[in-house]
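**Student:** For reference, the structure I am asking about is given below.
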Amino acid sequence: MPSSDYDPACLPDLLPLYYRRLFPFSQYHRWLNYGGVQKNYFQNREFSFTLKDDIYVRYQSFNTQNELEKEMQRMNPYKIDIGAVYSHRPNQHNTVKSGSFQALEKELVFDIDMTDYDDVRSCCSAADICARCWTLMTIAVRVLDRALREDFGFRHLLWVYSGRRGVHCWVCDEAARKLSAAARSAVAEYLSLVKGGEETVKKVVLSDPIHPFIKESLAVVEHYFPQYALQQQDLLSRKDSVDKVLALVPEDVKKELQMRFQNEKRPEIRWKLIEDQAHKKQSTAKKGQHFEKEIMLQYCYPRLDVNVSKGVNHLLKSPFSVHPKTGRVSVPIDLRELDKFDPFAVPTISLICEELDRPKAGEEEEEKPEDATEREDERDAAEKRKIRAYKRTSLAKYVKHFDQFLDALARSRKGELLRQSDLQKEF
Amino acid sequence: MQFTGRRNKFGTNLQTELYLQPLQFYGQPPLENISLSEFETFAVERLKLLKTVENLGVSYVKQSEQYKQKLEKELKNLNFSYRPDAVDKDNKESSKKPPQNGPSELEKRRKDHISHFILRLAYCQTEDLRRWFIQQEVDLFRYRFNELQPIQKLEFLHKNNLQYDAISVEEKKNLKDNLVSSSYAVSGIKVELEEFYKVPFQDALDLVRTRKVYLKDGFAYIPHQDIVTIVLNDFRTRLSKALALTARSLPAVHSDERLQPLLNHLSHAYVGQDYSIQKNVGKISLEQIDSLSGKSFPLCMRKLHQALRENHHLRHGGRMQYGLFLKGIGLSLEQALQFWRMEFTRGKVDADKFDKAYAYSIRHMFGKEGKRTDYTPYSCMKVILSNPPSQGDYHGCPFRHSEPELLKQKLQFYKVSPSGVSQIMELVKGMHYQLACQKYFELTHNVEDTSFSLSHPNQYFLESQKLLGGGKDIKREADTPQRSQENSAPRGSSAADASEHLAETTEDLDAFFVDV
Ligand code: SF4
Ligand SMILES: [Zn+2]
C-alpha cells in the first residue's frame, strides 16, 4: 500500500467522498461536546477551514453535529483547524459588542515539528522526514507524555500525527481546558529545555541541582540515545558532526578528546570517553559540569513551538484533517504502540477512498452498540452505514483508538459527577 | 462624589482599620465621598506610578537594589506610602507634632486605596488594558510585600485569610530528595526545618515557569521562603476576576456622561507618548503650515490655526494648545517666535507689545523662562478634559466641545460623505471622542483600518504624514517614555469650577464594583 499513489491534484475529487462517507463525525462531535456538561461548549467552538486556493475562513461554528456535517460536506475544506470555545457563537462574532467576544477555554495543546530539529538531524532537512529521524518524535512524545501526566497530573492526552512531519498533543482534561494563557505559557516554559537559535552553539545549559523533571526526561533520552544518535545519525562518526559535538564541551576536555578520538573510531567507545571525561570533571570541579547530559538533551530533547501552546485562542490542525501535501490523515497515535508507529504507514485519503470501493471481503458484523445516551435520534441508518464504511478501511484502527480515548474521558466525567453527588450527600 | 450610600454607617470604622495595615488586597471599594478634582488627581498620580513600575521593570531586574531604590523614590515623590512601618512611627509622634511635610501615612494609604479603584474602572475595559494594569499592580504589590517585616507578612496572611496547606513531616521525608533538587536555596537540613506548602500548580506559575519548585501530580510543593509567589498569584487572580466583574458593570459607567470620557482617557494614556523630544526640529518651514493644517492637522488644531489666521490672535488656552502642538511637530523656538509675531502684529498687537507681552510665554513653552519646564504637547485626554473653552476661546476638542450641529456642518464642509458624517456623529453621541476623531482620520485619508489608537494630536499628525509620504523627515523616536505633564501644566480656574459641578452630578462610584 504505497502512499506514493496520492496525487495532490486529486484532492478536490477525494474530499467530498471523505467527508460524506469516512470522516468520523459522531466521535468528533462526541469529543468536542464533552458530554454536554457545559452549556454551548460545542456551539461556541471555533472551527476554521482552509479551502481551495488557500482561502482561509475563520470563526465557523455549528449548532449541532448535523450542521457541522452538512457544512463540511458543502465546503469540503482542505484543512480544518480547531480554535477556542468562545463566550458567544464564533460565527456571530461581528454582531457582539467588541471586547465581550472572548476566548474562554481550549485544550492545552502542543505542536512538535521536525523542522525545528534541522541543526541536529543529518538524514533530512526542512519538511522531509525519514524513519531515522522519526525517533525524535517518539522521544518527544515519551518525555512530554510522562511530564504532563506525572508532574502536572493530566490524564486525557490525545496524541495526533500531524499528517506530515510532526505530532500534536491535545490535553483534554477539564483542568487543562480551563487554564489561563499565563498558566499555559508557564507549562510550556517548564517543558522547554532547548534555548537559542542559529546564533547559539550551546542550547542546553544545566545548573545544579538538576530538577527532578530534567532527571526524568534524561532517563527517557538515555534510553534512545545510543541506538538513535550514535548508530542512526552517526553522531560520533562523521567529522563535521564530531566537531559540532565537541564544540559543546569545555576547552581542555575538547583537546583531550580530539587526541583520543584519533585512535578510536567506534562511536560507542567515543561516547564512553565523553562520559568518562564528564564524570572526571564532576568529581573534581565544583559545579555545573554536565556536558554529556547537555549534549544528549541538545540532540534529542523535544523542541516545542511555545507560541502554539500559549494562547487560548490559537488554532491547531484538527485530528482527522487531511494533509493536502501528503494526503495523509491526521490520526490519533496509540502510545502503547508508539515505538512501532510509522508515519509512512498512515493511510492517505486516496488509499482509504480506494478501500471503500473494494468489494467487502470478509467484513465482520461486530458492530459495537454506541452509548445510547450520547446518541441523537435522527441519524440512524445513514450513521450505521457510515460506521461500516470507515470500518472497511485502514482508518478503522485509528478511529477505534479515538473511541477508547473518548470512553476514558466519559468515564472520568461520570466519576467526577459521582464524586460531586457524594460530596453533596455528606452535607 | 460619593463612593457609596448604603454602607456609610460602617464606613469610617472599616476604613480606619483598613488603613492601619501597610498593605492590602483591595478587597473592598472605598466607602467615602471624594471630590472630582481629588478623583482626577489620584487617578493621574497612580497612573504615573504604574507607568514608573512598568519602566523600571523594563530597565532593571525586578527586585534588584536599584529597582527598589528607584521605586521607593517614585512612591515618595507621588505621595504614595512606601514605608511599611511608617504608621506606627507617625502615631507615636503625632501626639507631639503633626507631620511636617505633605500628607500623613494614613492619607497616603487612603489615596493608594482610592486611586487603585479608580484605575480599575478605567482599565477593565479591554483585555489589553486589563493585562497591563494587572501586571503593574502585581509588580507594585510584590515590591511592597517584600518590604514587609517577616512578622508583618504573617499578619498580612492572617488578616486576609490566606491559609495554605503545609505538608506533613512524613510526606516531607518521602519527597526530600526531590524537594532538595527543586530549589536552589533548599538544602537537606533546611527541608526538615522549613514548612512546605502544597498548592495547585496554577497558583505558583512563576515558580513552575522557572522550574524552581517540585511538581507532582498537578501540585507544587513550595518552600516557605517562596510564599510570596502564591500570595502574588492570589492577588493576580482576585484582581483579574474583579476587573472582569467591573467590566460587566461598565454600561453603568458608560451612561455616566462625566465619568466616561475621563475613564476613557485614563485608559488611553498608558500607551501614550509625550511628543516633546524632537528629532526633527526645523524640518518644517513656516510656509508649509497652511497646507499641512488642511491635510495633516487634527480638527482641533486646524480650527485653532484658522482662528489665528482670521483673528490674528488667540487667547491663552489656544496659544498653549496650539503652540505646544507646533513645537511637537518640529517648530524651533526661533520659528515659533517668528510665526506668532507675524500673525499677531497683523492684528491689534504691535511688535513692541508682542515682545513684551507674548514672547515670554512662547519662550516659556520651550522651557526658556520661568521654571524652565519643558512643556509637552497636550494629549487628547488633556485637551478634552481640562480647561474647557469659554467665550472667545478656540481651543479644546471639536468632537467634545462643539455643538453637534456645528460639528456636523463643519464635517460636511470638509467633504466628509453623509454616511461618514453619521458614523462620526454616532461616536460623538456615545462620547467616544477620540474614536470619532480617528474615524475622521480614516475617512479623510482613505484608509480602512488604522493600525494605531489615537491618543494625541501630534500622533494624528505623524500618522497622517506617514500615510501621505511626508513622514520620512518627520520621524521621531518611538520609544520615548512618556513624561506626563497632565498635572504640572497650568490650569485655568474654569477647570476647577467644572469639577465642582461634576461632583454634584456623578453617581455613586461603588455601584460599579460588583460584590464578589
Ligand atoms: S481627539 Fe485629539 S486630535 Fe482629535 S480633535 Fe480631539 S484633541 Fe484633536
Ligand atoms: Zn530523516
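**Student:** List the pairs whose first member sits in segment B:436-455 and is away from chain A (no Cβ under 14 Å), whose second member is part of a helix (DSSP H, G or I) and more than 13 Å from ligand 1 (Cβ to nearest atom), and whose Cβ atoms are under 7 Å apart, counting only residues at least 6 apart or on separate chains?
**Tutor:** Qualifying pairs under 7 Å: B:LYS439/B:GLN423; B:LEU443/B:GLY420; B:HIS445/B:LEU467; B:VAL447/B:LEU467; B:SER455/B:VAL271.
**Student:** Separate question: Considering only residues of segment B:277-291 that are open to solvent by less than 10 Å² (accessible area, probe 1.4 Å) and in contact with a Gly (Cβ under 9 Å, 6 or more places away or on another chain), which is modelled with the lowest pLDDT?
**Tutor:** To start, the set of residues in segment B:277-291 that are open to solvent by less than 10 Å² (accessible area, probe 1.4 Å) comprises B:280, B:284, B:289.
From what is left, the residues that are in contact with a Gly (Cβ under 9 Å, 6 or more places away or on another chain) are B:280, B:284.
Working: B:ASN280: 67, B:ILE284: 85.
Ranking the qualifying residues of segment B:277-291, first place goes to B:ASN280.
**Student:** Name the residue that is most open to solvent (accessible area, probe 1.4 Å), counting only residues in segment A:203-221 that are more than 9 Å from every other protein chain (Cβ to nearest Cβ) and not in a loop (DSSP other than H, G, I, E, B).
**Tutor:** First pass over segment A:203-221, keeping only residues more than 9 Å from every other protein chain (Cβ to nearest Cβ): A:203-206, A:216-221.
Imposing the further condition that a residue be not in a loop (DSSP other than H, G, I, E, B) reduces the set to A:216-221.
Values: A:GLU216: 82, A:SER217: 1, A:LEU218: 9, A:ALA219: 54, A:VAL220: 24, A:VAL221: 0 Å².
The extreme case among them is A:GLU216.
**Student:** Got a sec? Which helices (runs of 4 or more DSSP H) wholly within segment B:392-440 have at least 2 residues that are away from ligand 2 (no atom under 16 Å from the Cβ) and surrounded by fewer than 20 Cβ atoms within 10 Å (Cβ to Cβ)? I'd like the intermediate steps shown before the answer.
**Tutor:** Numbers: elements: B:398-401, B:404-413, B:418-429.
In segment B:392-440, B:404-413, B:418-429 are the helices (runs of 4 or more DSSP H) which contain 2 or more residues that are away from ligand 2 (no atom under 16 Å from the Cβ) and surrounded by fewer than 20 Cβ atoms within 10 Å (Cβ to Cβ).
**Student:** Here's another thing I want to ask about it. Looking only at segment A:135-169, count how many residues are within 23 Å of A:LYS325 (Cα to Cα) and in contact with a Leu (Cβ under 8 Å, 6 or more places away or on another chain). Walk me through it before giving the result.
**Tutor:** Let us first name the residues in segment A:135-169 that are within 23 Å of A:LYS325 (Cα to Cα), namely A:135-138, A:159-169.
Restricting the remaining residues to those that are in contact with a Leu (Cβ under 8 Å, 6 or more places away or on another chain) gives A:138, A:159, A:168-169.
Of the residues in that region, 4 qualify.
**Student:** If you check A:SER283, A:SER237, A:SER309, A:SER241, which single one turns out to be closer than 26 Å to A:TYR117 by Cα, open to solvent by 50 Å² or more (accessible area, probe 1.4 Å) and of a type in the set (Gly, Ala, Ser)? Steps first, please.
**Tutor:** On the way: A:SER283 fails: closer than 26 Å to A:TYR117 by Cα; A:SER309 fails: open to solvent by 50 Å² or more (accessible area, probe 1.4 Å); A:SER241 fails: open to solvent by 50 Å² or more (accessible area, probe 1.4 Å).
Only one candidate qualifies: A:SER237.
**Student:** Kindly provide the set of residues from segment A:158-197 that are away from chain B (no Cβ under 12 Å) and part of a loop (DSSP other than H, G, I, E, B), ordered by number.
**Tutor:** A:SER162, A:GLY163, A:ARG164, A:ARG165, A:CYS172, A:VAL194, A:LYS195, A:GLY196, A:GLY197
**Student:** Out of (1) farther than 19 Å from A:LEU273 by Cβ; (2) buried (at least 17 other Cβ atoms within 10 Å of the Cβ); (3) more than 14 Å from every other protein chain (Cβ to nearest Cβ), the odd one out for A:THR200 is which?
**Tutor:** Only one criterion in (1) farther than 19 Å from A:LEU273 by Cβ; (2) buried (at least 17 other Cβ atoms within 10 Å of the Cβ); (3) more than 14 Å from every other protein chain (Cβ to nearest Cβ) is unmet by A:THR200, namely (2).
**Student:** Strands (runs of 3 or more DSSP E) wholly in segment B:127-233 with at least 3 residues that are within 14 Å of chain A (Cβ to nearest Cβ), at pLDDT 90 or above and surrounded by 16 or more Cβ atoms within 10 Å (Cβ to Cβ) - which ones? Step through it out loud before you land on a result.
**Tutor:** Details: elements: B:196-200, B:214-216, B:219-223.
Passing ranges, in order: B:214-216, B:219-223.
**Student:** Could you grab the pairs with beta carbons closer than 7 Å, sequence gap of 6+ or different chains, first residue in segment B:299-314 and in the same structural domain as B:LEU454 (by TED's automatic domain parsing) and in contact (Cβ under 8 Å) with a residue 60 or more places away in the chain, second one among the hydroxyl-bearing types (Ser, Thr, Tyr) and within 10 Å of ligand 1 (Cβ to nearest atom)?
**Tutor:** From residues that are in the same structural domain as B:LEU454 (by TED's automatic domain parsing) and in contact (Cβ under 8 Å) with a residue 60 or more places away in the chain, the pairs are B:LEU299/B:TYR440.
**Student:** Moving on to the next point. Applying the selection to segment A:42-84, what residues are more than 20 Å from A:PHE23 (Cα to Cα) and open to solvent by less than 10 Å² (accessible area, probe 1.4 Å)?
**Tutor:** Of everything in segment A:42-84, just one residue is more than 20 Å from A:PHE23 (Cα to Cα) and open to solvent by less than 10 Å² (accessible area, probe 1.4 Å), namely A:ALA84.
**Student:** Further, regarding this structure: Of all residues being under 18 Å from the mean Cα position of the chain (by Cα) and within 30 Å of B:ARG130 (Cα to Cα) in segment A:102-147, which is farthest from ligand 1 (Cβ to nearest atom)? Just the residue, please.
**Tutor:** A:PHE110
Rundown of residues vs (1) open to solvent by less than 70 Å² (accessible area, probe 1.4 Å); (2) at pLDDT below 70; (3) part of a loop (DSSP other than H, G, I, E, B), yes/no style:
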| site | (1), (2), (3) |
| --- | --- |
| A:PRO324 | yes, no, yes |
| A:PHE344 | no, no, no |
| A:ILE352 | yes, no, no |
| A:ALA361 | no, yes, yes |
| A:PRO369 | no, yes, yes |
| A:ARG379 | yes, yes, yes |
| A:ARG388 | no, no, no |
| A:TYR398 | yes, no, no |
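**Student:** Give segment A:97-140 a look and list any residue that's surrounded by 18 or more Cβ atoms within 10 Å (Cβ to Cβ), charged (D, E, K, R) and farther than 25 Å from A:LEU179 by Cβ, or say none.
**Tutor:** Across segment A:97-140, the qualifying residue is only A:ARG121.
**Student:** What do you reckon, is A:VAL331 modelled with pLDDT of 95 or more and under 28 Å from the mean Cα position of the chain (by Cα)?
**Tutor:** On the way: modelled with pLDDT of 95 or more: yes; under 28 Å from the mean Cα position of the chain (by Cα): yes.
Criteria met by A:VAL331.
**Student:** Could we say that B:LEU292 is under 25 Å from B:LYS415 (Cα atoms) and either within 16 Å of ligand 1 (Cβ to nearest atom) or touching an Asp or Glu at 6+ places or on another chain (Cβ under 9 Å) (or both) here?
**Tutor:** On the way: under 25 Å from B:LYS415 (Cα atoms): yes; either within 16 Å of ligand 1 (Cβ to nearest atom) or touching an Asp or Glu at 6+ places or on another chain (Cβ under 9 Å) (or both): yes.
When the stated conditions are applied, B:LEU292 passes them.
**Student:** Okay, next question. In this structure, is A:ARG155 at pLDDT 95 or above and within 14 Å of chain B (Cβ to nearest Cβ)? Walk me through it before giving the result.
**Tutor:** Details: at pLDDT 95 or above: yes; within 14 Å of chain B (Cβ to nearest Cβ): yes.
For A:ARG155, the condition - at pLDDT 95 or above and within 14 Å of chain B (Cβ to nearest Cβ) - is met.
**Student:** Next up: Among all residue pairs at least 6 apart or on different chains, which show Cβ distances below 9 Å where the first residue, located in segment A:121-144, is over 16 Å from A:MET296 (Cα atoms) and the second is polar (S, T, N, Q) and within 11 Å of ligand 2 (Cβ to nearest atom)?
**Tutor:** A:CYS123/A:GLN232; A:CYS123/A:GLN233; A:ALA131/A:GLN232; A:ARG132/A:SER122; A:ARG132/A:GLN232; A:ARG132/A:GLN233
**Student:** Which pairs have Cβ atoms under 6 Å, sit 6 or more apart or on different chains, and link a residue in segment A:19-33 that is within 20 Å of A:TYR78 (Cα to Cα) to one that is open to solvent by 10 Å² or more (accessible area, probe 1.4 Å) and aliphatic (A, V, I, L, M)?
**Tutor:** Pairs found: none.
**Student:** Then there is this: B:LEU56: modelled with pLDDT under 85, among the hydrophobic types (A, V, I, L, M, F, W, C) and open to solvent by 60 Å² or more (accessible area, probe 1.4 Å), yes or no?
**Tutor:** Working: modelled with pLDDT under 85: yes; among the hydrophobic types (A, V, I, L, M, F, W, C): yes; open to solvent by 60 Å² or more (accessible area, probe 1.4 Å): no.
Judged against the criteria, B:LEU56 is not a match.
The values are calculated or read from the model by the stated rules, or taken from the named source; none is laboratory data. The shown structure was predicted, so the numbers you read here are calculated from the model rather than taken from an experiment. All Cβ positions, even for glycine, are placed from backbone atoms using ideal geometry, and neighbour counts span all protein chains on display. We work out accessible area using only protein heavy atoms, side chains counted, and drop any ligands, DNA or RNA first. Shrake-Rupley method; radii C 1.70, N 1.55, O 1.52, S 1.80 Å.
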